[in-house]
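S.K.: Structure provided below as structure tokens; questions to follow.
Computed from the coordinates by the stated procedures, all read-outs in this text should not be read as laboratory data. Predicted model only: the values in this text are computed from it and were never measured. Positions of Cβ are generated from backbone atoms using ideal geometry, with glycine treated the same way; all protein chains shown enter the neighbour counts.
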Amino acid sequence: MTDRPEKLLLLDTASLYFRAFYGVPDKVKAPDGSPVNAVRGLLDIVAKLVTLYEPTHVVACWDDDWRPQWRVDLIPSYKTHRVVEVVADAPDVEEVPDPLEAQIPLIRQTLTALGIPIIGVTEHEADDVIGTLATRATIPVDIVTGDRDLFQLVDDAREIRVIYTARGMSNLEIVTDATVVAKYGVLPSQYADFATMRGDASDGLPGVAGVGEKTAATLLQTHGDLSGIRTAAAAGEGMSAGVSAKILAASDYLDVAPTVVEVARNLDIAVPGIALRTLDPAEADAATALAEQWNLGTSMTRAVAAVSTV
């Protein structure tokens, strides 16, 4: 056991298992022919992250509802293009390849076998779990995701940063205050307002028509936040008449979009006190048996070794 400083690693789990699924050849199978490429890929990702960033605590944050109805009620187009089946009184069904869908129960089993808690909250996305746990943490936090919306949580003063996976696991990017400013011209605390105005086609968020990243950043630099921008637009001050008209025309959208874009930070969950640790003999045997049953091979071995070095 090493005496490393405390740090919390928050996994945007779906983001990572999708990446694993597409990154590991689907010829990787269990003895019964079941696909296990996403499981093996995710185990390799966990092993790499724990080895590289040396957390003492890891939480797999889960989408209990990938498209919460309360967000859809505010912006009906929210993630609409990813819905394959609308379900009454339950989360809609997301477009997930069948070979990946079949692996999700095993993904949960393997994370549990490693001693990594899985946390989801009814009617909320993993982003909201991450936002709450990061906000409540009293130790440094690394958030692993390919979702730039989580840049709004970056906070150098509180030692919260994002490990951004968009360029692949071999090109991980550490996102700090300076990174967000350099990329977008806004502070992380302004990022949600920036994203609201810019919009995001991948999430079905239209944004403010005619206002792109450059204009959104300039407005935030001048007026501080979305409220200040809307006040200035209404007064016809601090921006061109054309930009003011665009902001005013988007009034209905701007009334609701911030609630959709901002991640929750106050869900009824606590930061888990479960630290990574060497598995006891019975747990190690169970992990080995799971690996043998599903042909997880050295991926499980590496993951067990990584969590056991804490």
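S.K.: Using +1 on the beta carbon of Lys and Arg, -1 on that of Asp and Glu, and nothing else charged, what's the dipole of segment 1-136 about the Cα centre, debye to 20?
M.R.: 600 debye
S.K.: What value, in deg cm²/dmol to 500, does the helix sum -39500 (n - 2.57) over DSSP H runs of n ≥ 4 give at 222 nm once divided by the residues of the chain? Don't skip to the end; give the middle numbers.
M.R.: Numbers: 14 runs with 142 residues, N = 310.
Counting only the DSSP helices, I get -13500 deg cm²/dmol.
S.K.: What residue among Gly210, Gly120, Gly131 has the largest mean-square fluctuation in a Gaussian network model of the chain, using Cα springs under 10 Å?
M.R.: Of Gly210, Gly120, Gly131, the Gaussian network model singles out Gly210 as fluctuating most.
S.K.: Running Debye on the chain with equal point scatterers at the Cα sites and no solvent, what base-10 log of I(q)/I(0) appears at q = 0.06, 0.07, 0.13 Å⁻¹?
M.R.: Cα-only, vacuum Debye calculation for the chain: -0.23, -0.31, -0.96.
S.K.: For segment 188-261, what class follows from the C-alpha gyration tensor (a ≥ b ≥ c being the square roots of its eigenvalues): rounded when a/c is under 1.5, otherwise prolate if a/b is larger than b/c, else oblate?
M.R.: Taking the square roots of the gyration eigenvalues as a ≥ b ≥ c, segment 188-261 is prolate.
S.K.: If the elastic network links every pair of Cα atoms under 10 Å, which of Leu114, Leu11, Leu74 fluctuates the most in the Gaussian network model of the chain?
M.R.: With Cα springs under 10 Å in the chain, the top fluctuation among Leu114, Leu11, Leu74 is at Leu74.
S.K.: Rank these for me by crowding, Ile247, Ile118, going from fewest to most other beta carbons within 10 Å.
M.R.: Ile118, Ile247
S.K.: Using alpha carbons only, how many angstrom separate the centre of segment 204-221 from the centre of segment 266-303?
M.R.: Centre-to-centre (Cα) distance: 43 Å.
S.K.: Moving to a separate point now. Compute the Cα gyration tensor for segment 8-84, then decide on rounded, prolate or oblate, letting a ≥ b ≥ c be the square roots of its eigenvalues: rounded whenever a/c is under 1.5, prolate when a/b is larger than b/c in the other cases, and oblate in all that remain. Walk me through the numbers before you get to the answer.
M.R.: Values: a/c = 3.00, a/b = 1.36, b/c = 2.21.
Oblate.
S.K.: Moving on to the next point. Looking at the chain, which longest stretch skips every one of the GluC sites (Glu not before Pro) that is in a DSSP loop with at most 15 other Cβ atoms within 10 Å, leaving the sites themselves out?
M.R.: Counting only loop sites that pass the neighbour cut-off, the longest clear stretch is 7-94.
S.K.: Then there is this: Return Arg302, Arg198 ranked ascending by Cβ neighbour count within 10 Å, so the fewest neighbours appear first.
M.R.: Going from least to most buried by this count: Arg302, Arg198.
S.K.: Strictly over 26 Å apart at the Cα level, which of Lys7/Lys27; Lys214/Lys246; Lys29/Lys79; Lys183/Lys246 would you flag in this model? All intermediate terms of the calculation are to be shown ahead of the outcome.
M.R.: Numbers: Lys7/Lys27 36 Å; Lys214/Lys246 15 Å; Lys29/Lys79 31 Å; Lys183/Lys246 24 Å.
Correct reply: Lys7/Lys27; Lys29/Lys79.
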